[in-house]
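The structure appears below as structure tokens.
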Amino acid sequence: MLIAMGHQVFYQGIAMSSVAEKKRRAAQAALSYLPDQEILGIGTGTTIDIFIEELAPVAQRIKGAVPSSEQTRKALIAAGIPVIPFEEADSIPVYIDSADEANHYLHLIKGGGGALTQEKVLAGASKKFVCIINDEKLVRRLGQHPVPIEVLPMARSYIARHITHLGGRPIWRENFITDNGNPILDVYDLSIDEPVSMEKRINDISGVVGVGIFALRRADVLLVGKDDQVDVLT
Ligand code: 5RP
């Protein structure tokens, strides 16, 4: 039975962490992957906002950070961490980001925050991709979270029809435009038995700018924040 006492929740006498605490635990664990005096790539989202808070006091360990979005660029500047544009980064030894869902093969669904395309570029350009999540996001099979697809504006309906043929239910993300000026389709009910082939099939549709399945370039390390520990999956 769940019992709430003040801000703390207990389950069968054991104190349970909030999602934010689990995110912070994973973010703290990620600090051990910082590339000393080199460039760090950084993702986008609430977990990454927590990671930037944890990074700020030790930021002198890195040369600077390449942000995956305008949101992260602003958060880095506010935290006093040097920002390096992607075009000026000769190498990115480590990229740290979160995800909406992850499986035990370290395949991910990303893009809840809408920065999936730049995140995919950074993940692809980095030598090591460290993904930090709370344990609610670790699933046996991807697809409970909708799959975001960034699309060219003129191709939105065309792509939505293709996605319907793949068995998905595309919903236009209203009042949202990516940093690249494009809309997003959130695809529900997609059967993702084989993440690599589904990512390729969606990539192949003309007008798709980026799809939030990260299987061709999956994470190298998954840090899963739990109630009292962080699990490391590789
Ligand atoms: C943004 C992302 C985020 O990593 C993902 O949506 C998880 O976000 P949060 O940390 O807020 O739960 O892919 O495009």
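In the chain, Rg over Rh equals 0.99, where Rg is the alpha-carbon radius of gyration and Rh the Kirkwood radius from pairwise Cα distances.
Counting lysine pairs in the chain whose alpha carbons fall under 12 angstrom apart, excluding pairs fewer than 8 residues apart on the same chain, gives 7.
Working ranking of peptides 213-226, 110-123 by packing, defined as the average number of other Cβ atoms within 10 Å per residue, highest first, is 110-123, 213-226. Shown for the chain: the carbon plus sulfur share of the solvent-accessible area, taken with all protein chains present and a 1.4 angstrom probe, equals 53%. Working from label points 7 Å from Cα in the Cα-to-Cβ sense, the Arg61 to Lys226 distance is 2.4 nm. With Cα atoms defining each centre, segment 111-169 and segment 48-62 are spaced 26 Å apart in the structure.
For a test of the definition: using alpha carbon positions, the gyration tensor, and the 1.5 limit on a/c, classify segment 118-191 as rounded, prolate or oblate. Here segment 118-191 falls in the oblate category. Normalised per residue, the accessible area of the chain is 48 Å², obtained with a 1.4 Å probe and no contribution from ligands, DNA or RNA.
The values are calculated or read from the model by the stated rules, or taken from the named source; none is laboratory data. Remember, predicted model here, so these are calculated numbers, not experimental data. Glycine also receives a Cβ, built like all others from the backbone with ideal geometry; neighbour counts cover every protein chain displayed. Each accessible area value is taken on the protein alone, full model and side chains, heavy atoms only, with ligands, DNA and RNA left out. Shrake-Rupley method; radii C 1.70, N 1.55, O 1.52, S 1.80 Å.
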